[in-house]
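**Student:** Let me give you the structure first, and then I'll get to my questions.
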Amino acid sequence: MSIFLILLAAGESKRLKFAEPKPYIKVKNRTLIEHNIYKIHNIKAIKKIVIVYNKKHRKKLDNLNTKNVIKIAGGKTRAQSTLFALKGIQNLNCSKVLIHDAARPNTSIILIKKIIHSLKLHNAVIPTIKVK
């Protein structure tokens, strides 16, 4: 099974009202994109990382340590950005795809591995949290 991770980072971050777009905010000397990449590189089942970026932020992305990733320009909406990424990898020997938001780097490795394991049994997997 060849798994790719699509990391969505093409948003405008308008609600944040901060000088930097969310994916490029630094926490402990790394941007949120870099935190995601660092975490994912430790999961051997994920063969490629695809970063979907905002065209306005291309220079910011190029200044990051993003070796061995595929960069794809995003669209006007999250759905369009996801579609562009899927079209961009359709001929790259990818059997399964994980989709994640770059502004949320704290997903646990255990959760990601559980999702990957579940993908061996199912065509699609969506993690959920029980409501109390």
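The values are calculated or read from the model by the stated rules, or taken from the named source; none is laboratory data. Everything quoted here is computed from the prediction, not taken from an experiment. FYI the Cβ positions are ideal-geometry reconstructions off the backbone, even for glycines, and counts take in every protein chain you see. We work out accessible area using only protein heavy atoms, side chains counted, and drop any ligands, DNA or RNA first. Shrake-Rupley method; radii C 1.70, N 1.55, O 1.52, S 1.80 Å.
**Student:** Name the single residue, out of those in the range 28-38 being without any contact (Cβ under 8 Å) to a residue 12 or more places away in the chain and not hydroxyl-bearing (Ser, Thr, Tyr), that is least open to solvent (accessible area, probe 1.4 Å).
**Tutor:** That would be Arg30.
**Student:** Looking only at the range 64-83, count how many residues are within 16 Å of Lys47 (Cβ to Cβ) and open to solvent by 70 Å² or more (accessible area, probe 1.4 Å).
**Tutor:** So the answer is 2.
**Student:** Give me the pairs, please: first residue somewhere in the range 1-24 and touching a residue at least 60 places away in the same chain (Cβ under 8 Å), second residue anywhere and open to solvent by 20 Å² or more (accessible area, probe 1.4 Å) and polar (S, T, N, Q), beta-carbon distance under 7 Å, and either six or more positions apart or on two chains.
**Tutor:** The qualifying pairs are Met1/Ser95; Ser2/Asn93; Ser2/Ser95; Ile6/Thr82; Leu8/Thr82; Lys22/Ser13.
**Student:** Anything in the range 84-110 that is surrounded by 14 or more Cβ atoms within 10 Å (Cβ to Cβ) and either small (Gly, Ala, Ser) or more than 10 Å from the chain's Cα centre (by Cα) (or both)? List them, or say none.
**Tutor:** Once the filter is applied, which keeps residues that are surrounded by 14 or more Cβ atoms within 10 Å (Cβ to Cβ) and either small (Gly, Ala, Ser) or more than 10 Å from the chain's Cα centre (by Cα) (or both), the range 84-110 yields Phe84, Ala85, Leu86, Gly88, Ile89, Cys94, Lys96, Val97, Ala102, Ala103, Thr107.
**Student:** Which one is farthest from Cys94 (Cα to Cα), of the residues in the range 42-57 that are surrounded by 14 or more Cβ atoms within 10 Å (Cβ to Cβ) and out of contact with any Gly (no Cβ under 8 Å at 6 or more places or on another chain)?
**Tutor:** Only one residue fits best here, namely His57.
**Student:** What are the pairs, 6+ residues apart or on separate chains, where a residue within the range 39-62 that is on the phi < 0 side of the Ramachandran plot has its Cβ under 6 Å from a residue that is among the hydroxyl-bearing types (Ser, Thr, Tyr)?
**Tutor:** Lys47/Ser2; Val52/Ser81; Lys60/Tyr24; Leu61/Tyr53
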